[in-house]
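The values are calculated or read from the model by the stated rules, or taken from the named source; none is laboratory data. Since this is a predicted model, take the numbers as computed values, not measurements. Here the Cβ is made from the backbone with ideal geometry for all residues, glycine too, and neighbour counts use every protein chain on show. For the accessible areas, the whole protein counts, side chains as well, though only heavy atoms, and no ligand, DNA or RNA atoms are used. Shrake-Rupley method; radii C 1.70, N 1.55, O 1.52, S 1.80 Å.
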Amino acid sequence: MIYNMAFKNALKAMLGSALLVSSAFAAETLFSNDVRNVNETGSVGTLWAFSRGQLYSGVTKLTLDVGDSGKVIVSETKSGSLSDASTAVHDGYYYLVDELAERRRVPSVYAGTMGYVMPMYEMDDDGAFVVPSGILSINDVDDPVERPMDAPKAYEDTSAMIYGVSGVAYDSAYKKLWVARGAAGLGLYEASKSSPKNFNFALNVEKSTLDTAKASFGWNPEVNPSIYGVAMNPATNELWMATSQGMWIRTASGNIKKASSVLGKDSRVTGVWIGGDPLRIVAETFEKKEGSTRGALWQIIPGTSDFSKVNFLDTAGKSQKKDVYDDGDFTVSNVAFVGENAFVGVTAVGGDVSGYFKLNSDGIRARDMDDNGKNIWLYGFESRATDRDVVITSICAFPLTKNIRGLAIATAGNGISVSADSGKTWNPILNRAKLGNDLGTVRMVPSVIIAGGQSLISYKVSKASKITIDVYSYDMKHVKTIVKDAPRDADASRSTDSRVDFWDGYDKHKRACTMGVYYVRVKDNHGHVGWGKVMTVGGSK
């Protein structure tokens, strides 16, 4: 569901602007728990996190420490908001309705003096974030910089989303930021200057050239393919380009050449990622024809010169005949490299299935088998990467300490999780303000949802209890029972069972509740009662 501008303004007036600006989040760990991207900052022990809510977007810079037990702890955090007219996350992605692989991720990169770089989207006339308008560049949470990029005049009568930014790559040797702009080709920022200038290029597959492409450039899709992904090869300083007509390379000297015979002109390559030790190259192909989607995951492993399709192996190491990636309708959100392993973040088209695959030179080996004897390749909630069953939206690797390459994942509703041991254990980091004992505080996070979302019911008890949670309308009519006499343990910070203790905006008949304020009552079996308050804007996700 996409809300128009009139609705947004009305909702802002109801809530009060003080609830939404960055100062309201000063005491929190994150701008909000609805995090859509995480990325390194260029410094050891720090991490960027980008959040988007229904009304505002914001960014948080976290400083992290690793304790003696290996637990990752937040030592410092600072958040700031964007204006209400721009975001890094377009509505098709935010509402999980866009099916094209290149639009189902939020690309980001640390780009030297330009800082944390992501796409920028502005609103159309209906108040929907579906107009690609350049990039966001963030060095300071209090001073995000909007860097516009011209829209091609040739595409004025088409969907603006066909030239949305779906990939970014930073050439640290020459301080250049490359931007994959879909049908608008390749953007370039000279990041070495205090006020970076931007240029645009069209890949010409007939002449093997990059042609200057101003706004008035005459695009020919047969000659000038869409560019969906970019990545720098640090060993050769080559720019790899994933396009609608195969994989291409811009060499260090500026020459253009085909990168692969396997992923040739007939391959719609939607992403490319490079990293690891030894270096590996991962690519994704994806197309939609006649109402169905077809995707695949590819890699170039050390010692080979071209791509091969990634093998999916069972727990015994036997290769599977079925293409698990295509069968699951997966698309890549990002790839994080730690040593010889690539952690491939994915979400499924048309559903909420998400997580990451662990990829090495042999392929992706099943981590376990379910009760029916079926192999499980995906890591996520069941493998304790998160402590709530939420969509994993992004993954990155970053220098957690001088000696530890950390992993971080972003989630749609449960903040982020960070690992100091290559994914063996995870530490959830989210907004958990101090709670009073024995239901002295009941806090709803977030405090505003749409039907189908999740507002976590946060509370604390001082001893083992049986908990009953009920939702009431503003006029105190009973709406729904969340749990009844559910056992909960005493906890120093929070007794909530995040797997079930949340309200989704629906009543007991599974109908979306109307827009308004609702009260949440939490009772234990020792006579304690606490109340929380949440607003739903109705509708459905």
Hey, what's the Kirkwood Rh for segment 305-383 if you take every pair of different alpha carbons, in angstrom? 13.1 Å
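How many percent of all Cα-Cα pairs in segment 25-98 sit more than 16 Å apart?
Working: 1442 of 2701 pairs.
Cα-Cα pairs in segment 25-98 separated by more than 16 Å: 53 percent.
Report the percentage of all Cα-Cα pairs in the chain whose separation exceeds 28 Å, rounded to a whole percent. If you can, show how the numbers build up before the last one.
Working: 81692 of 146070 pairs.
Counting pairs separated by more than 28 Å, the tail of P(r) holds 56 percent.
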For segment 386-541, what size does the Cα cloud have along each of its three principal axes, sorted from largest down, in whole Å? 56, 38, 21
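Please list 212-219, 190-197 highest first by mean number of surrounding beta-carbon atoms within 10 Å per residue. Don't skip to the end; give the middle numbers.
Numbers: 212-219: 14.0, 190-197: 12.0.
Ranking, from highest mean packing down: 212-219, 190-197.
Show me 438-445, 479-486 ranked by packing, highest mean number of other Cβ atoms within 10 Å first. Walk me through the numbers before you get to the answer.
Working: 438-445: 20.5, 479-486: 15.8.
Ranked by mean Cβ neighbours within 10 Å, highest first: 438-445, 479-486.
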Using Cα positions and a limit of under 18 Å, work out the lysines in reach of Lys197, with same-chain residues fewer than 8 apart set aside. Lys175, Lys176, Lys214
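Any idea of the accessible area per residue across segment 296-422, 1.4 Å probe, to the nearest Å²?
Details: 5220 Å² over 127 residues.
For segment 296-422, the per-residue accessible area is 41 Å².
Leaving out ligands and nucleic acids, note down the accessible area per residue over segment 476-541 with a 1.4 angstrom probe, in whole Å². All intermediate terms of the calculation are to be shown ahead of the outcome.
Working: 3610 Å² over 66 residues.
Counting only protein heavy atoms, the per-residue value for segment 476-541 is 55 Å².
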Helix 5-15 versus the longest principal axis of the chain: what angle, 0 to 90°, nearest 10, using Cα atoms? 40 degrees
Could you rank the peptides 343-349, 332-338, 246-252 by their average count of other C-beta atoms within 10 Å per residue, with the highest value first? 332-338, 343-349, 246-252
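When only Cα pairs under 8 Å and 6 or more residues apart are kept, what is the percent relative contact order across segment 413-541? The partial results should precede the final answer.
Values: 324 pairs, mean separation 35.8, N = 129.
28 percent.
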When every alpha-carbon pair in segment 194-314 is counted, what percent end up more than 24 Å apart? 31 percent
With viscosity set to 0.692 mPa s and temperature to 37 °C, compute the Stokes-Einstein D of segment 77-159, Rh being the Kirkwood radius across alpha carbon pairs; µm²/s, no decimals. 237 µm²/s
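Accessible area per residue for segment 42-193 in Å², computed with a 1.4 Å probe and the full protein assembly in place, what is it?
Numbers: 5400 Å² over 152 residues.
I get 36 Å² per residue for segment 42-193.
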Please compute the net charge surrounding Tyr472, taking Lys and Arg as +1 and Asp and Glu as -1 over other residues with Cβ under 13 Å from its Cβ. +3
Over the alpha carbons of segment 406-445, what is the largest minus smallest coordinate on each principal axis, giving the biggest first in Å? 38, 20, 11
Given Cα pairs under 8 Å that are at least 6 residues apart, what percent is the relative contact order of the chain? 10 percent
Pairwise over distinct Cα atoms, reciprocal of the mean inverse distance: report the Kirkwood radius of segment 293-426 in Å, one decimal place. 15.4 Å
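For segment 100-167, which whole-number percentage of the solvent-accessible area (1.4 Å probe, protein heavy atoms only) is attributable to carbon and sulfur atoms?
43 percent
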Bins of 10 Å, beginning at zero and ending with the bin holding the largest distance: percent of Cα pairs per bin for segment 115-185, please. 19, 48, 27, 6, 0
For segment 355-415 and segment 153-200, write down the distance between their C-alpha centroids in whole Å. 30 Å
